[in-house]
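What follows draws every value from the coordinates through simple rules; no lab data is involved. Just so we're clear, the structure is a prediction, and the values are computed from it rather than from any experiment. Neighbour counts run over all protein chains shown; Cβ positions are idealised from the backbone, glycine included.
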Amino acid sequence: MSGAWSRLAALVMLLSWVAAAGVQTGEPRPHLLEPVAFSNRTGREIVHLFVSPRGAREWGADALGGARRLAAGSDVDFFLHTDGVSSYDILAVDHLGDAYLLWDHPIGTGQSARVEIGAADLEGGYDHPPLATVRVANRSGRDIWYLFVAAGGSALAGVDVLDASTILEDGEEIPVIVPVTGETVTYELTGLDVHDGRFRITVEIAPATRTRTVEVQASDFGPAGR
């Protein structure tokens, strides 16, 4: 995995590329990716963090990926896809199973954003759905710098589940955690490489799904700027 400095340098390169080439409306354009710091002020450890664009029919992926935890008093940075001022719903679950909900939270383009999750956001009696694990394996021959996983219903691609300092290198794989509901939910996996090459893969999660593997191949990528 590469560090934050390399990722920032790649973001600058992508900004230049998009300014020159242009990108279709509705794609997660890098100049609309906002770094957002999520701050745990609950006094407990957060084990799941779902960040979903307002208007999406279902919660998106767990930004923490099921393998990481956000300790009390600590922060984690993610890129969010925005368009002007965009609203996100945020669900955090602590190690005791308690849920914290922030509804319709605004994230503005060009702003340095911090989202604080605290005891006042505690939601009593929240009904936790079962979870499924989608293992995203990079077999494309190139590194994936941004990976978005979002349910249908919104024009926004959601949160970059690789966080602000992680790259999914060729040959690596990561777990993506998504809620399982009583009906089949369609998720869009959208990824970008350092040259603005991109892929979009549709994944359906049925009520009985608990694990699934998705391989990203070279043929899934379209040309830069498309």
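Phi angles across region 39-49 convert, under the Karplus curve 6.51 cos²θ - 1.76 cosθ + 1.60 with θ = phi - 60°, into 3J(HN,Hα) values of 10, 8, 10, 7, x, 10, 7, 8, 10, 9, 9 Hz, Gly and Pro given as x. Once both labels are positioned 7 Å from their Cα atoms along Cα-to-Cβ, the gap between Glu45 and Asp75 label points is 2.3 nm. Taking 0.36 nm per residue of separation and subtracting the Cα-Cα distance, full extension of the segment from Ala37 to Glu173 would add 46.5 nm. Contact order normalised by length for region 171-218, with contacts defined as Cα pairs under 8 Å and 6 or more residues apart; what percent is it? Averaging sequence separation for qualifying contacts and normalising by length gives 35 percent for region 171-218.
Packing here is the average count of other Cβ atoms within 10 Å per residue, and on that basis the peptides 175-186, 198-209, highest first, run 175-186, 198-209.
Here the extension length gained between Arg135 and Val214 equals 27.8 nm, from 0.36 nm per residue of separation less the Cα-Cα distance.
If the chain linking Thr181 and Ala119 were pulled fully straight, counting 0.36 nm for each residue of separation and taking away their Cα-Cα distance, it would gain 19.6 nm.
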